[in-house]
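The values are calculated or read from the model by the stated rules, or taken from the named source; none is laboratory data. A quick note: this is a predicted structure, and the numbers were derived from the prediction, not measured. So basically every Cβ, Gly included, is an ideal-geometry build from the backbone, and we count neighbours across all protein chains shown. Note: areas computed on protein heavy atoms with side chains; ligands, DNA, RNA excluded. Shrake-Rupley method; radii C 1.70, N 1.55, O 1.52, S 1.80 Å.
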Amino acid sequence: MAAARRERLLGAEEGFVLKDPGVGLNVALIFPNTYRAAMSNLGFHAVYGFINDRTDALAERAFFSGDPREDPIVDSRGRLITLESGRVLDKFHLIAFSLSFENDFPNVLSILDAAGLPLISSERTGWPMVIAGGVAAFLNPEPLAPFIDGFLLGEAEANLDPFLDIVKDAAFRGASRKETLGLLAKDVEGFYAPSGYIHRYDDRGRLTSIEPREGFPGEVAPPHPAELPEPLASRIRTPQTEFANMVLVEAGRGCPRGCRFCAAGFVYRPPRPHPWERIRDKATHETSEGDKVGLVSPAVADLENLDTLCAHLAKEGRRVSLSSLRADSLTPELARALYAGGLKSATLAPEAGTGRLRMVINKGLAEEEILAAARLLAEARVPNLKLYFMVGLPTETAEDVREIVPLVKRVLHERRKALKGRTRGLVTVSVSCFVPKPFTPFQWAGFMETARLKERLAVLRKGFRGIKGLKFTSDVPKWAYVQALLSRGDRRVGDILLSAHRSGDIKRAMSESPVNPDFFVLRERERDELFPWGIMRQGADRDFLWEEYQRGLAAQPSPGCHDPETCAACGVCE
Ligand code: SF4
């Protein structure tokens with residue numbers, strides 16, 4: 001079964017790399033979620049490519065979602081194996097987790113177990129070394145601190161090669177893991193070894209200090225290079241992704257807008273769009289006529305000359321899709337270019353139902369802009385529309401939530417007018433529960449109680465019931481609660497993960513935990529409180545983020561990023 005699945009997946013792929021293990025450093029690159037989710041992730045493709053581009057290293061992939069509907073790729077003894085060569089994980093020098101979502105953290109324990117390795121880092125001796133990276137890690141690695149030997153934080157272009165050089169040298173001269181971790185912490189920017197730090201708490205359970213042990217730096221600065229090398233692009237093509245047979249090409253990193261809930265907008269500062277010509281060259285180099293190109297960036301719609309780029313790629317016979325759209329950046333030309341590029345479903349993110357709450361989150365979108373964008377897309381004959389909203393935002397009232405329904409009804413009305421009374425395609429309203437994220441202005445805010453979230457979602461479900469051509473989907477508050485625990489908790493949350501892994505029941509693990517999870521999830525943090533992610537220095541200054549939090553609570557808008565050459569507002573470009 002697993003062997004057949006492995007062959008089937010490899011058989012449908014173009015671009016995977018199979019090297020002789022004797023080339024040098026062997027890395028098992030693991031995505032703790034489904035194959036489909038992994039192959040839809042440009043960051044995972046990039047790291048796979050960076051390692052395999054080296055002549056002295058190889059990377060092979062493995063996946064585990066814990067989802068009973070997806071059979072893990074295991075050997076006859078049930079041990080997780082890699083896709084490329086079918087080898088078990090403890091045959092590699094390095095087991096490297098790529099972490100994009102907090103809710104994948106529990107799978108890390110299942111994977112270590114399936115590899116036959118002790119779960120707790122301090123109980124493992126010798127090699128392989130177990131490391132992790134990815135955006136979920138460099139927002140807050142602490143819940144996984146007891147299980148991971150070291151975290152490679154920040155953007156891989158800046159620190160992956162020096163990291164691999166040291167690990168390869170250490171592995172081949174038989175250095176101990178302890179010595180290797182010390183070397184990496186000393187010499188690799190953004191490398192964080194949790195065992196090198198002692199956490200202390202006060203009698204109310206608040207973290208009061210993070211003390212480095214001898215030889216470990218007082219703080220860790222995940223690197224975010226000011227200049228990006230060439231745009232990233234998919235390394236492997238397969239029909240089994242969210243973007244079937246589409247080649248993903250990075251359009252830029254970061255976003256200039258400053259939405260106060262958005263981690264990508266703050267942790268990837270300063271915003272670094274690629275010049276359109278460079279994206280054009282990468283896209284045409286990686287694809288052929290008839291192929292589909294997916295332009296990926298949190299701010300792709302803000303890209304200068306996006307119309308020109310789309311028109312150029314269309315002239316070269318490529319179809320174009322965008323990872324995100326902003327209502328206030330959409331033009332008739334862009335809407336038409338997207339339709340011509342085969343776009344079947346566009347996504348707009350009003351996030352909140354009232355202008356006041358959109359000011360609180362600094363979304364900076366007027367209702368008229370949302371309606372105009374919906375009209376433009378309908379006029380350009382893009383059939384389906386997805387609308388993203390959140391519930392549980394700071395200062396949100398029940399009225400704010402109720403206002404989502406009439407706003408969506410006004411969008412439907414605009415579409416019907418543009419379609420001359422015909423209802424065409426599907427409008428999907430997708431509502432998620434707001435989870436406060438590290439390194440954003442809302443990092444101090446608490447998560448809303450699940451009972452209130454359920455009430456608010458019920459109001460929306462009732463408000464949208466029976467509307468023709470509309471589908472309503474929403475988060476499950478209890479899983480958003482777990483996401484908030486893994487996003488805001490410190491290394492004591494590791495005990496909950498361990499107990500949940502052993503009992504198979506996260507709810508029981510949370511209720512039996514000596515530290516009440518509400519302490520991490522629901523509690524608003526104090527102005528000067530030490531955050532679990534306090535060992536890291538990245539993104540905007542803390543004072544700037546606090547100021548932005550206060551402006552948010554007062555529903556005051558703030559300008560986004562200006563010119564990195566001249567601006568020092570948030571402290572990143574000083
Ligand atoms: S200093 Fe200014 S331009 Fe630079 S990231 Fe901060 S707000 Fe943006």
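Brief remarks follow.
- Per residue, the convex hull spanned by the Cα atoms of segment 2-212 measures out at 127 cubic angstrom.
- Cα-based Rg and Dmax for segment 126-256, where Dmax is the largest Cα-Cα distance (Å): 17.6, 55
- The length gained by stretching the chain between Q556 and S288 to full extension, at 0.36 nm per residue less their Cα-Cα distance, is 91.7 nm.
- Sequence-separation-based contact order of segment 2-212, relative, with Cα cut under 8 Å and 6+ spacing, percent: 16
- Put simply, the amide H of Y201, placed in the peptide plane, has neighbours under 5 Å in T208, leaving out anything fewer than 5 places away on its chain.
- Of H45, F105, A374, farthest towards positive along the dipole that unit charges on Lys, Arg, Asp, Glu beta carbons give the chain: A374
- The P(r) of segment 289-368 has a tail past 20 Å containing 35 percent of all C-alpha pairs.
- Lys, Arg +1 and Asp, Glu -1 on Cβ, resulting dipole of segment 2-212 about Cα centre, debye, nearest 20: 500
- Sparse-neighbour loop sites [trypsin sites (Lys or Arg not before Pro); segment 181-267; at most 13 other C-beta within 10 Å; DSSP]: R204, R213
- Helix-derived mean residue ellipticity, 222 nm - over the chain, DSSP H n ≥ 4, -39500 (n - 2.57), to 500: -10500 deg cm²/dmol
- The trypsin sites (Lys or Arg not before Pro) of segment 89-183 meeting both criteria, a DSSP state outside H, G, I, E and B (loop) and at most 10 other C-beta atoms within 10 angstrom of the site's C-beta, are R173.
- Two-decimal ratio, segment 323-431, of alpha-carbon radius of gyration to 2.2 N^0.38 Å: 1.04
- Rg and Dmax [Cα atoms of segment 60-121; Å; Rg one decimal, Dmax integer]: 11.2, 31
- Bins of 20 Å, starting at 0 and running to the largest distance - Cα pair percent for the chain: 20, 55, 24, 1
- For F151, the residues whose amide H sits under 5 Å from its own are A132, Y192, A193, ignoring neighbours fewer than 5 places away on the same chain, with H placed 1.01 Å from N.
- Here is the P(r) of segment 394-493: all C-alpha pair distances, binned every 5 Å from 0, give 2, 11, 19, 19, 15, 12, 9, 7, 4, 1, 1, 0 in whole percents.
- Of the whole protein surface, M510 contributes about 30 Å² of accessible area at a 1.4 Å probe radius.
- Overall form of segment 530-574 per C-alpha gyration tensor (a/c, 1.5; a/b vs b/c): oblate
- Within the accessible surface of segment 2-212, defined with a 1.4 Å probe on protein heavy atoms only, the carbon and sulfur portion equals 52 percent.
- Stokes-Einstein D in µm²/s, Kirkwood radius over Cα pairs - segment 60-172 at 20 °C with 1.002 mPa s viscosity: 146
- Each Lys or Arg adds one and each Asp or Glu takes one away; over the other residues whose Cβ falls under 11 Å from the Cβ of G258, this sums to +4.
- Dipole of segment 41-192, positive end: most advanced residue of F151, G174, F163 [Cβ charges, Cα centre]: G174
- A simple rule links phi to the HN-Hα coupling: the Karplus curve 6.51 cos²θ - 1.76 cosθ + 1.60 with θ = phi - 60°, which for segment 428-441 gives 10, 9, 10, 10, 10, 8, 5, 10, x, 10, x, 6, 10, x Hz, with x for Gly and Pro.
- One chain, two ends: T395 and E526. Fully extended at 0.36 nm per residue, the span grows by 45.5 nm beyond their Cα-Cα distance.
- Figure note: T440, T55 ranked by solvent-accessible area, largest first, 1.4 Å probe, ligands and nucleic acids not counted: T55, T440.
- On a per residue basis, segment 371-488 carries 40 Å² of accessible surface, using protein heavy atoms and a 1.4 Å probe.
- Computed about the Cα centre, the dipole magnitude for the chain is approximately 2680 debye when only Lys and Arg (+1) and Asp and Glu (-1) carry charge, each at its Cβ.
- Estimated at 0.36 nm per residue, the fully extended path between E333 and W479 surpasses their Cα-Cα distance by 48.5 nm.
- With contacts taken as Cα pairs under 8 Å at a separation of at least 6 residues, the chain carries a relative contact order of 13 percent.
- Rounded Å value of the spacing that divides the Cα centres of segment 528-574 and segment 422-478: 27
- For the chain, the membrane-span-like helix rule (DSSP H, alpha carbon extent of at least 27 Å along the helix axis, mean Kyte-Doolittle at least 0.5) picks out no helix; this says nothing about an actual membrane.
- Accessible surface area normalised per residue over segment 2-212 is 36 Å², counting heavy atoms of protein chains with a 1.4 Å rolling probe.
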